[in-house]
Amino acid sequence: MNTKNRYILVTGGAGYIGSHTVLALINNGYTPIIIDDFRNAHKDVIFRLEELTAQEIIYFSVACQDEFRLKGVFEQFHIEGVIHFAADKAVGESTQKPLKYFDNNFGSLISVLELVQQYKVENFVFSSSCTVYGDPKTIPVVEKSPVSYNSPYGFTKKVNEEMIAQFVESAPFVQATILRYFNPIGAHESGKIGEEPDGKPNNLLPFITQTAFGIREELTVFGDDYDTKDGTCIRDYIHVEDLAEAHVAALSKANEAKQNPEIYNIGTGKGTSVLEMIQVFEKVTGQQLPYSIGERRSGDIPEIYANADKANKILNWKAQKSIEEAVKSAWKFENFIREKRKSK
Ligand code: WQD
């Protein structure tokens, strides 16, 4: 068994947030080990990560629910920490296929925690979401704000958080951290790693960049009659590179109370409307974005943004990058990926 390196197992490490976290881990002296079944990620990401870091990336093409094969990885390496991203994440799809979400999002967490238990892993970081706040009555939301859900996906995240809380009561050796992400956007500054949705994107920025690229005819703004500053929905958009850094901060910070998971909001604390996002895109890229105002999208909440004071203070982490930088990088990535697909 190799114990020289500081191995961090990153489930879903080839995905959007996972791949940026892998880069942040390497920059901070860790050796990530990617577990991914590539159901929602491209193998090519591994090669691009290798190109960017000029080093070999350790990865296993394994589904987290395959506990037997996952155990093999724990046998081979001394795993110091686990960052668990692997999950299905499309809110809309989860309402059509709830069982798929229950199966993967509960099953994967159970087998990963089983191995955390068996191998006495000291650090466990879980990828949660602001979706657990449902439609909040008071904003900005703090970690103690009431939690609820309005989709099977949101339900899995809420229950996953509770599962972790109950698990750590029985496993005092592990420091568990739950990061509630707001809306991640943007791409690595190289423009070579980013969000690669299959088919029609659900999320705003990939839809904008694809529209500007001519892949989609126009963006539909889902409703402009909300009770917000310009009538469109408000979200807390956070640069994915800042988000990635929050995982490194979480790994290096020991919890005070080991028998409770520590929960942190990972957002910027600023709310941006859909129309503002379009303006930023047009400003930083010089492209005009075709869009029209459509119906509200079912399940959308009018407004949410984070109070991220706890992460600022305790994790010593703060979002550094602007929305402009995020949008610019997303546009760079869109151009890169289209060029790449064309040449295949
Ligand atoms: C943002 C805003 C849309 C597309 C989702 C999940 C949430 C979390 C983050 C994982 C909304 C508007 C969008 C379009 C639009 N993920 N929009 N036209 O819904 O805030 O959050 O991702 O945990 O759980 O729900 O993000 O990017 O889909 O939408 O007008 O074509 O953009 O109505 O106001 P959302 P989003």
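Taking the condition without any contact (Cβ under 8 Å) to a residue 40 or more places away in the chain and either away from the ligand (no atom under 13 Å from the Cβ) or outside any loop (DSSP other than H, G, I, E, B) (or both), does Phe173 pass?
Details: without any contact (Cβ under 8 Å) to a residue 40 or more places away in the chain: no; either away from the ligand (no atom under 13 Å from the Cβ) or outside any loop (DSSP other than H, G, I, E, B) (or both): yes.
So Phe173 fails the test.
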Checked pairs for region 229-248, first within 10 Å of the ligand (Cβ to nearest atom), second among the basic types (Lys, Arg) and open to solvent by 10 Å² or more (accessible area, probe 1.4 Å), C-beta under 8 Å and 6 or more apart or across chains, list as Asp236/Lys270
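At least 1 residues that are open to solvent by 30 Å² or more (accessible area, probe 1.4 Å) in each: list the strands (runs of 3 or more DSSP E) lying fully within region 232-324 that qualify.
Filter on region 232-324 gives 262-266, 291-294.
Just to be sure, is Asn202 within 14 Å of the ligand (Cβ to nearest atom), open to solvent by 30 Å² or more (accessible area, probe 1.4 Å) and outside any strand (DSSP E or B)?
Values: within 14 Å of the ligand (Cβ to nearest atom): yes; open to solvent by 30 Å² or more (accessible area, probe 1.4 Å): yes; outside any strand (DSSP E or B): yes.
For Asn202, the condition - within 14 Å of the ligand (Cβ to nearest atom), open to solvent by 30 Å² or more (accessible area, probe 1.4 Å) and outside any strand (DSSP E or B) - is met.
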Residue match in region 254-274 (condition: more than 27 Å from Asp224 (Cα to Cα) and free of Cβ contacts under 8 Å to residues at least 60 places away in the same chain): yes
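One residue is enough: does region 209-231 have a residue meeting the conditions assigned to a helix (DSSP H, G or I) and acidic (Asp, Glu)? Walk me through how you get there before you give the answer.
Filtering region 209-231 down to residues assigned to a helix (DSSP H, G or I) leaves 209-213.
From what's left, acidic (Asp, Glu): none.
For region 209-231, residues assigned to a helix (DSSP H, G or I) and acidic (Asp, Glu): absent.
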Across region 89-140, the tally of residues that are under 20 Å from the mean Cα position of the chain (by Cα), away from the ligand (no atom under 16 Å from the Cβ) and part of a loop (DSSP other than H, G, I, E, B) stands at 0
- prompt: Can you find a residue in region 50-66 that is among the hydrophobic types (A, V, I, L, M, F, W, C), open to solvent by less than 20 Å² (accessible area, probe 1.4 Å) and not in a loop (DSSP other than H, G, I, E, B)?
  reply: no
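The values are calculated or read from the model by the stated rules, or taken from the named source; none is laboratory data. Since this is a predicted model, take the numbers as computed values, not measurements. Note: ideal-geometry Cβ built from the backbone for every residue, glycine included; neighbour counts use all protein chains shown. With ligands, DNA and RNA removed, areas are computed over all heavy atoms of the protein, side chains included. Shrake-Rupley method; radii C 1.70, N 1.55, O 1.52, S 1.80 Å.
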